[in-house]
Ligand code: ADP
Ligand code: MG
């Protein structure tokens, strides 16, 4: 089966239910979305509206109760565990609010791990990891453990790790939610750079500044999409540097 649409990621009629009977929760309810190549989609909505659940479904970390998910023409929701694990490793980058770094590994080792798991040789994995650490501005912190890095630096390591296998899409769940304002700006700039470089991105965020720099702004409530606004094209989209209060 192939996907006729020219999009990187497509979800159609997605549902995710937890529990049963009176305790049934529809965390994601009849949600459809298409993400075109190079597009940044921001997803916002109140706490508990299903943003994380949605992102986990889109990233193959969890399976929908019903509906379809296609990633570059491959149907994810019907894949075997093994197929899905391979796709997650090679084609999807995930950035979590709480970084999820391996505390006993250095920054460089954290970044190279997904490359090794995807089958790169030790040499190639090292080379790629060094490259991506440089790209997030942490080439000089390669040998540091996460505990020796600030929150913003840890999140930049996590972004480098998400990028190391050059995924077709990066999914980020409130990536600035645990950061102070200066670190938040560093990470915002990094996502803005990725956007400009053509990386396809889906970012869950409470931050209106991230949301304003997206091409498409999606709002959720009670598991449903309540609005979808295209900011690029009609002049509403802002570059990070244009926004007030950023000290640039
Ligand atoms: P958000 O990220 O927007 O805060 P979540 O996706 O975390 O929202 O949660 C959406 C809804 O699904 C909430 O009502 C939450 O309690 C429920 N939920 C999320 N994960 C689970 C789970 N593993 N088991 C049961 N309910 C869950
Ligand atoms: Mg969440």
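In Å, the Kirkwood hydrodynamic radius of region 4-244 over pairs of distinct alpha carbons? Before the final figure, lay out the partial values.
Numbers: mean 1/r = 0.0547 Å⁻¹.
18.3 Å is the Kirkwood radius here.
At full extension, residue 229 and residue 74 could sit 53.2 nm farther apart than now, given 0.36 nm per residue minus the alpha carbon distance.
Comparing Cα centroids, region 83-108 and region 217-238 end up 27 angstrom apart.
Considering only the Cα atoms of region 19-103, their convex hull presents on average a projected area of 7.5 nm².
In percent, rounded to a whole number, the relative contact order of region 4-244 is 27, using alpha-carbon pairs under 8 Å and six or more apart. Among beta bridges identified by DSSP and lying wholly in region 4-244, the antiparallel ones come to about 55 percent.
Values of log10 I(q)/I(0) for region 149-194 across q = 0.18, 0.26, 0.28, 0.33 Å⁻¹ run -0.49, -0.99, -1.11, -1.38, by the Debye formula with one identical scatterer at each alpha carbon and no solvent. Can you tell me which of 123, 89, 161 moves the most in a GNM of the chain? Springs connect C-alpha atoms under 10 Å apart. Highest fluctuation among the options: 123.
FYI, it's all coordinate maths here, none of it is from the lab. The structure presented is a predicted model; accordingly, all values stated were derived computationally and were not measured.
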